[in-house]
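Asker: The structure that follows is given in the form of structure tokens.
Read-outs: derived from the displayed coordinates by stated rules, not from any lab. For clarity, every value in this text was computed on a predicted model and none was experimentally measured. Cβ placement follows ideal geometry from the backbone for every residue including glycine, while neighbour counts extend to all protein chains displayed.
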Amino acid sequence: MRISKQVLLISLICILVTSAASSQEFSRQEVLHGKLTSMRSSFDVNSYEITLKVEPAKKFISGKNEIGFTCIKSIEKIQLDLNYRMGIDSILHENQRLSFVRDSNVFYVSFKRKLNKLESTKLTIYFSGKPREAIKAPWDGGFVWSHDTAGTPWVGLACEGIGASIWLPCKDHLSDEAEMMTMHLIVPENLVGVSNGKKIGEKNLGNSFKQYDWLVSNTINNYDITVNIGDYEHLHDIYKSNSFGNLNLDYYVLKTGIEKAAIHFQQVKKMHKSFEDHFGIYPFWNDGYKLVDAPFWGMEHQSCVAYGNNFENNKWGFDFIIIHESAHEWFGNSISCNDPAEMWIHESFTTYTETVFVEDVFGYQKAIQYIGEQKRLIKNKEPMIGKFGVYYHNFKDNDIYYKGAWMLQTMRTIINNDTLWFNSLRDYASKYRKQSVTTFQILKFFNERTGINWDNFFVQYLFYPALPVFEFKLIERENKLELLCRLKSDVKGLEMPIKVALSLSGFETVYVNSKWQSFDLNYLDPGEFKIKADLMLIGQKRMK
Ligand SMILES: [Zn+2]
């Protein structure tokens, strides 16, 4: 019974995914970038070792990426990605130059010999060019060539959504994260170059350039790989965890902001305490935690969070960029999705962490007000699950943020047991730590962990734009009031508990589904009838 239901659900999800993808035409490049073709799924990236020289005056970058990978089957040719603006100077494998064919934003590399199944090897790609410039980072993608108030170059990079291949030759698919990344960042000698992970060296190259070496010893999403270049000063602090010891907190801030940063970034420790309590150990402990002053609002770059919020708290008393972008270290960087269609896995949980943080630090009532303001931003115009197998801008509105957070809030309300809810969240963060997950795996996890079947709930909230609607009629009969109610939803069989006032003495929970049910409201006046659904995300409609 259980298995056949699961099979039915998988079939339903497959139908929804297929129909979603076929309803729109996509360009060949969007498909080449998004589809896991056999020339991409035939190998697994282990490491990227990047040498990158950045010349801000020329808006020019050059370097190489040594890609370590393992063959999943025998290989003669692979597909890699690099934006058409960037040139490929040469490709080397086993000291031999390889031939390659470019097709706009992708290129195909032919090996001199057949690589064997399970063989691990390395390929070096030399590249250079003027990369795409971001005009309104972080919402578009590319390099940000800016200057500080003294006129010194200040460079940032953001490429979530558009993908790292905007500047870096790589396998640009979310399903394949490198297990480690090294960055040798070469910048003009008067500037400081900051990248992800732990600093492992710096040296003057003697030609007016300086090299900074950074090591990430954890899996990392391509779009998290970043560089920040500026006239930075370095602040170091420590977060002392009761359970896990000391975590290095490193801040790279422009000289003009250093005094403000020293005070403002104190909230980072409060955040680490809250997130550690709720979601477990900071996932990239050995790489350290870092905030880097960026010439744009912010981005969740792993162990190198871009910060550009002018050291300002919001009206709730915290810095949104610090809390939201750092929360992605748990949800997005540690637990990642495999396809941009499932970005709700990154954003919904991260947006919900804001409410968890507010509740922890400022109390429950403030948290309810905080998430209440997010409710007004929900559009319900398109499903939270996007189109699979294509790389394009999937989401026009912000429902994967606010509706996603409210989907989780609704689950909390339905579970009606905060210990179970928070333990489930914590176990989710821990079970899938540093892994990629699918929507279906998350569903299965919450089904098992909470003992509630969320199948129909997940399908309705994620695959359909509309909310389920609590429809009701109030019928007066012989001085008595009768309630007729049902739940209208796209998915068949959805049942939800809703609190309704069946009498003046308070609310009772009724389980509503697609069938009309009748309840005696005794001697309530129609004006006294109430539904308590303020902590849920559902529609309400009084029918005639
Ligand atoms: Zn986010």
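Asker: Normalised by the empirical 2.2 N^0.38 Å for globular proteins, what value does the Cα Rg of segment 437-501 take?
Answerer: Values: Rg = 16.0 Å, N = 65, 2.2 N^0.38 = 10.7 Å.
That ratio works out to 1.49.
Asker: Okay, next question. Principal axes first, then extents: for the Cα atoms of segment 163-237, list largest minus smallest coordinate on each axis, whole Å, largest first.
Answerer: 38, 30, 17
Asker: Note the full-extension length gain between Asn286 and Ile135 as 0.36 nm times their separation in residues minus their Cα-Cα distance, in nm to one decimal. Walk me through the numbers on the way to the answer.
Answerer: Details: separation 151, 0.36 × 151 = 54.36 nm, distance 3.42 nm.
50.9 nm is the gain from fully extending Asn286 to Ile135.
Asker: Moving on. Which FRET efficiency value, to the nearest 0.05, is calculated for Glu66 and Ile415 with the Förster distance at 56 angstrom and r the Cβ-Cβ distance?
Answerer: Values: r = 48 Å, r/R0 = 0.86.
Result of the calculation: an efficiency of 0.70.
Asker: For the charge dipole of the chain, defined by +1 on Lys and Arg C-beta atoms and -1 on Asp and Glu C-beta atoms about the Cα centroid, which residue among Val144, Thr410, Phe463 has the Cα displaced farthest towards the positive pole?
Answerer: Phe463
Asker: Could you give the size of the charge dipole of segment 356-483 about its Cα centre, using +1 on the Cβ of each K and R and -1 on the Cβ of each D and E, expressed in debye and rounded to the nearest 20?
Answerer: Around 420 debye, computed over segment 356-483.
Asker: Can you tell me how much longer the chain between Lys114 and Glu94 gets when fully stretched, taken as 0.36 nm per residue apart minus their C-alpha distance, in nm with one decimal?
Answerer: Going from the current span to full extension adds 5.9 nm.
Asker: Another one. Place a label point 7 angstrom from the Cα of Lys122 along the Cα-to-Cβ direction, then list the residues of segment 172-201 whose backbone nitrogen is under 12 Å away.
Answerer: Only 182 fall inside the zone, counting backbone N under 12 Å.
Asker: On the Cα set of segment 41-130, report Rg and Dmax in Å, please.
Answerer: 13.6, 45
Asker: Another question about this same structure. Helix 402-415 against the longest principal axis of the chain: what's the angle in degrees, Cα atoms only, rounded to the nearest 10?
Answerer: Its long axis makes an angle of about 50 degrees.
Asker: At Glu312 and Glu179, where each label point lies 7 Å from the Cα along Cα→Cβ, what is the point-to-point distance in nanometres?
Answerer: 4.5
Asker: Can you list the HN-Hα couplings for segment 474-482, worked out from phi with the Karplus curve (6.51, -1.76, 1.60; θ = phi - 60°), rounded to whole Hz and with x for Gly and Pro?
Answerer: For segment 474-482, the Karplus curve yields 10, 10, 8, 9, 6, 6, 10, 10, 10 Hz.
Asker: Along each of its three principal axes, how wide is the spread of alpha-carbon positions in segment 184-280, in whole angstrom units, largest first?
Answerer: Extents along the principal axes, in whole Å: 48, 34, 23.
Asker: How high is the relative contact order of segment 393-502, in percent, with contacts defined as C-alpha pairs under 8 Å that are six or more residues apart? Please list the in-between numbers first.
Answerer: On the way: 73 pairs, mean separation 19.2, N = 110.
Relative contact order here is 17 percent.
Asker: Rounded to the nearest 0.05, what FRET efficiency do Tyr523 and Glu495 have when you use their Cβ-Cβ distance and R0 = 25 Å? The partial results should precede the final answer.
Answerer: On the way: r = 29 Å, r/R0 = 1.15.
The pair Tyr523/Glu495 has a calculated efficiency of 0.30.
Asker: Two decimals is fine: what is log10 I(q)/I(0) at q = 0.05 Å⁻¹ for the chain, from a Debye sum with one equal scatterer on every Cα and no solvent?
Answerer: The Debye formula, applied to the Cα set alone, gives -0.24.
Asker: Given a Förster distance of 60 Å, report the FRET efficiency between Met39 and Glu508 from their Cβ-Cβ distance, rounded to the nearest 0.05.
Answerer: Working: r = 59 Å, r/R0 = 0.99.
About 0.50, to the nearest 0.05.
Asker: If you fit an axis through the alpha-carbon atoms of helix 2-22 and take the longest principal axis of the Cα set of the chain, what angle between them do you get, 0 to 90°, nearest 10?
Answerer: On a 0 to 90 degree scale, this one is about 60.
Asker: Turning to a different aspect of this structure: Which of the GluC sites (Glu not before Pro) found in segment 436-542 are in a DSSP loop and have at most 13 neighbouring Cβ atoms, other than their own, within 10 Å? Please report the intermediate quantities before stating the final value.
Answerer: Values: sites: Glu448, Glu471, Glu476, Glu478, Glu482, Glu495, Glu508, Glu528; in loops: Glu478, Glu495.
Those satisfying the criteria are Glu478.
Asker: Karplus couplings for segment 430-444 from phi (6.51 cos²θ - 1.76 cosθ + 1.60, θ = phi - 60°), rounded to Hz, Gly and Pro as x?
Answerer: 7, 4, 9, 3, 6, 10, 9, 10, 10, 4, 5, 5, 5, 4, 4
Asker: Once you charge only the Cβ atoms, +1 for Lys and Arg and -1 for Asp and Glu, what is the size of the charge dipole of the chain about its Cα centre, to the nearest 20 debye? List each step's numbers first, then the result.
Answerer: On the way: 63 positive and 63 negative charges, 243 e Å.
Roughly 1160 debye for the chain.
Asker: Taking a virtual spin label 7 Å from the Cα of Arg542 along the C-beta vector, which residues in segment 456-496 bring their backbone nitrogen under 19 Å of it?
Answerer: Within reach of a label on Arg542: 469-488.
Asker: Compute the length gained on full extension between Val31 and Tyr84: take 0.36 nm times their separation in residues and subtract their Cα-Cα distance, giving the result in nm to one decimal.
Answerer: Values: separation 53, 0.36 × 53 = 19.08 nm, distance 1.56 nm.
Value of the extension gain: 17.5 nm.
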